[in-house]
1. So what are the radius of gyration and Dmax for the Cα set of segment 132-253, in Å?
2. When only C-alpha pairs under 8 Å and at least 6 residues apart count, what is the relative contact order of the chain, in percent?
3. Can you compute the FRET efficiency between S253 and M5 using 1/(1 + (r/R0)^6), with r the Cβ-Cβ distance and R0 = 51 Å? Round to the nearest 0.05.
4. Leaving ligands, DNA and RNA out of it, report the carbon-plus-sulfur percent of the accessible area of the chain at a 1.4 Å probe.
5. Can you sort L166, L72, L140, L261 by 1.4 Å-probe accessible area, starting with the largest?
6. So if we plug the beta-carbon distance of V262 and V124 into 1/(1 + (r/R0)^6) with R0 = 41 Å, what FRET efficiency do we get, rounded to 0.05?
7. What does the extension gain come out to for M23 and L83, with contour length at 0.36 nm per residue minus their alpha carbon separation?
8. Considering only protein heavy atoms, what per residue accessible area in square angstrom results for segment 1-138 with a 1.4 angstrom probe?
Amino acid sequence: MTREMRGRVQTVLRYVVLIVVGMFMVYPLIWMVGASFMTNQQIFSGVGFIPKSPTLDGYIRGFAGYQGMNLLYFMFNTYKFVLPKVLFTVVSSTVTAYGFARFDFPGKKFSFAVLLSTLFLPQVVLNVPQYILFDQMGWLDSYLPIVVPSLLAADTYFVYMQIQFLRGIPRELEEAAQIDGCGIMQRLWYVIVPMLKPSIVSCALFQFMWASNDFMGPLIYINTVAKYPVSIFLRMSMDADVGFEWNRVLAMSLIAIIPSLVVFFLAQDSFVDGIAAGGVKG
């Protein structure tokens, strides 16, 4: 067998393995789409995803809602805090990373060590002190406890991601801009931010998906049903009846993840570039 033929065989085998693994990973989502058109009896009768007698009852009952508030209402509630959280995360993480990566100031190493140490703290350890703090500030039953920490660069992972990406940007570009008369914020906006676009898109996508799927945060801080996001609404719909319809739950879940899928596929090129570039910088 020639070297060229061997290379083709290896390529074919590689793609076959990737397709098989990909099918195993995507099948739950495909089954979810098909099961949303099935009855409870059909869902538990096998693992097939093609409905024998398709029905739209799950979608119809899903949009029926709860006390006049339907699925779209709770999805709107979700993006009331998701969009500001994403915006604040991008701004605060970029500015903070720029300060750590480009400037020397007293206590920089200690501050950076403290910043990184917060990555090792599980969120469950912080729930009680944060709840007490926000209670004393009068922020409970609002979206402020979820949004405001992102404005203060509390999402350490994104700050670290931006720092890693900044290490690969030559300082000479900023020095040239400085010679042309650009100040600190001008250098950040006109030089750094355009080059940080892949990393910024990655941060925005991660935060968008994580915040959209957040369950514990709204459950802890929000007490009014009218302010619940879609994640808690889905859990409420499962508790509403003793024998709830799975097709209704699956239909609502499928609709709830559509915005995240759309955003991801629209920005997937920049997302992959940001992850790859941020992961190889030393």
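1. Taking only Cα atoms of segment 132-253, I get Rg and Dmax of 21.1, 71 Å.
2. Reported as a whole number, the value is 30 percent.
3. Computed FRET efficiency for S253 and M5 comes out at 0.60.
4. 69 percent
5. Final ranking, largest accessible area leading: L72, L261, L140, L166.
6. That gives a FRET efficiency of 0.80.
7. Numbers: separation 60, 0.36 × 60 = 21.60 nm, distance 3.22 nm.
Contour length minus the Cα-Cα distance gives 18.4 nm.
8. 69 Å²
The values are calculated or read from the model by the stated rules, or taken from the named source; none is laboratory data. This structure is a prediction, so every number in the text was calculated from the model and none was measured. So basically every Cβ, Gly included, is an ideal-geometry build from the backbone, and we count neighbours across all protein chains shown. Each accessible area value is taken on the protein alone, full model and side chains, heavy atoms only, with ligands, DNA and RNA left out. Shrake-Rupley method; radii C 1.70, N 1.55, O 1.52, S 1.80 Å.
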